[in-house]
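**Student:** Please see the structure below; I have some questions.
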Amino acid sequence: MKSVRLRGSLALFAAALIWGTTFVAQSVGMEGVGPFTYGAARYVVAIPVVFLLWLFFTPKRRAAKAAGTYRSGFKAGALVGAILFLGTTSQQVGMQYTTVGKTAFITCLYLVFVPLAAVFFGGRIRPLHWGGAFLALFGLYCLSMKGGASLSCGDAIMVASSLFWTMHILCVGRFAAFVDVVELSLAQLFVCALASLVLAAFFEQPTAAGLEGAAAAIIYAGVMSSGVAFTLQIIGQQYADPALAAVIMSLESVFGAIAGAVFLGESMSAVEISGCALMLVGMLLAQLASVQGEKHSPAK
């Protein structure tokens, strides 16, 4: 059991590393194409990658069908894909108005939102949850407020995106334990690709030159982030403890900030760095409260 949980944790760590570096690809990729075109292209690239995985696991799927344990992941994937589309698209649009480092940290507010959302499912909100939420929100203020009383446009969009990521994590956690995870991943990519293509057709005018210039960023995001990392997330959430899974996935904020500094030369002021630190502490406190809650919950 421990080795299985370790594999789940390693899968999530790899996903976080890929997501963190993909923030750079998202920023660079939009230099020649719009957010909807970029999103459509990355998902179209990702679909064949996951389809190959689907073919690879055909023998295992046949065995599950013979044993009566197979449950298709396509229907669940359609719902999860709709939520993923809202999360990735709002993130992609918001990145036009903020930096890679800030995007990475604000996106990871889902670490606070996930345990708070548990109240709607009969969960208990502990003092550490509220303390973590307060620190994270104060950190967001330090990171995003430029002497004003409101979020910038890009930062506000990122907060909305984080809410969609919260919904996505909860839905994946709900379905991944009992459906075919590769089918779930494949279905969500189809939904995202189709929806992005529709928006791109209505609101943007992609050019061959723009797509060619963004090709490297699109391929990296499509193959590694949309194809490999989202599948690793689904696989990892099958085996890793939910609270630990959220903490590991939050490392994408750290990887994203580092990648933005290394590859794009981004820098933060002392106040903004303090904001990042407060957000990270707040997010970890919220997860610590979840871990304590699980330890003290009655055995089933």
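**Student:** Anyone know which of A14, A270, A221 comes out most mobile in the 10 Å Cα GNM of the chain?
**Tutor:** Evaluated over the chain, the most mobile residue of the options is A270.
**Student:** With a length cut of 20 Å (Cα positions projected on each helix's long axis) and a Kyte-Doolittle mean of at least -0.5, go through the chain and give me the DSSP H helices that pass.
**Tutor:** On the way: long enough: 2-29 (40 Å, 0.88); 35-56 (32 Å, 1.55); 74-94 (29 Å, 0.98); 127-144 (25 Å, 1.21); 153-175 (34 Å, 1.21); 181-203 (33 Å, 2.21); 270-296 (39 Å, 0.95).
For the chain, where a helix must reach 20 Å along its axis and average at least -0.5, the hits are 2-29, 35-56, 74-94, 127-144, 153-175, 181-203, 270-296.
**Student:** If I model a spin label at A66 and Q205 as a point 7 Å from the Cα along the Cα→Cβ vector, what separation in nanometres do I get?
**Tutor:** Spacing of the two 7 Å Cα→Cβ label points: 5.8 nm.
**Student:** Stretched out fully, how many nm does the piece from L79 to L137 gain, at 0.36 nm a residue minus the Cα gap? List each step's numbers first, then the result.
**Tutor:** Numbers: separation 58, 0.36 × 58 = 20.88 nm, distance 2.94 nm.
Length gained, L79 through L137: 17.9 nm.
**Student:** A follow-up question, please. Taking 0.36 nm per residue of separation and subtracting the Cα-Cα distance, what length does fully extending V262 through Y97 add?
**Tutor:** Working: separation 165, 0.36 × 165 = 59.40 nm, distance 1.99 nm.
That pair, V262 and Y97, stretches by 57.4 nm at full extension.
**Student:** While we're looking at this one, here's another question. Given a Förster radius of 35 Å and the C-beta distance between S269 and A216 as r, what FRET efficiency does 1/(1 + (r/R0)^6) yield to the nearest 0.05? Intermediate values should be presented prior to the final figure.
**Tutor:** Numbers: r = 31 Å, r/R0 = 0.88.
Efficiency at R0 = 35 Å is approximately 0.70.
**Student:** Hey, what D do you get for the stretch 38-78 in µm²/s if you plug the Kirkwood alpha-carbon radius into Stokes-Einstein at 20 °C and 1.002 mPa s? Walk me through the intermediate numbers first.
**Tutor:** Values: Rh = 11.8 Å.
Diffusion coefficient, whole number: 181 µm²/s.
**Student:** How far apart, in nm, are two points set 7 Å out from the Cα along the Cα-to-Cβ line at R5 and at L55?
**Tutor:** Label at R5, label at L55, 3.8 nm between them.
**Student:** Pick out which of G32, G101, G81 has the largest mean-square fluctuation in a Gaussian network model of the chain, springs linking Cα atoms closer than 10 Å.
**Tutor:** G32
**Student:** Mean residue ellipticity at 222 nm from the helices of the chain, using -39,500 (n - 2.57) per DSSP H segment of n ≥ 4 over the full residue count, to the nearest 500 deg cm²/dmol? Write out the running numbers ahead of the final one.
**Tutor:** On the way: 15 runs with 232 residues, N = 300.
It comes out at -25500 deg cm²/dmol, rounded to the nearest 500.
Every number here is computed from the coordinates shown, using simple stated rules; none is lab data. Predicted model, so just to flag it, every value in this text is computed and none were measured. All Cβ positions, even for glycine, are placed from backbone atoms using ideal geometry, and neighbour counts span all protein chains on display.
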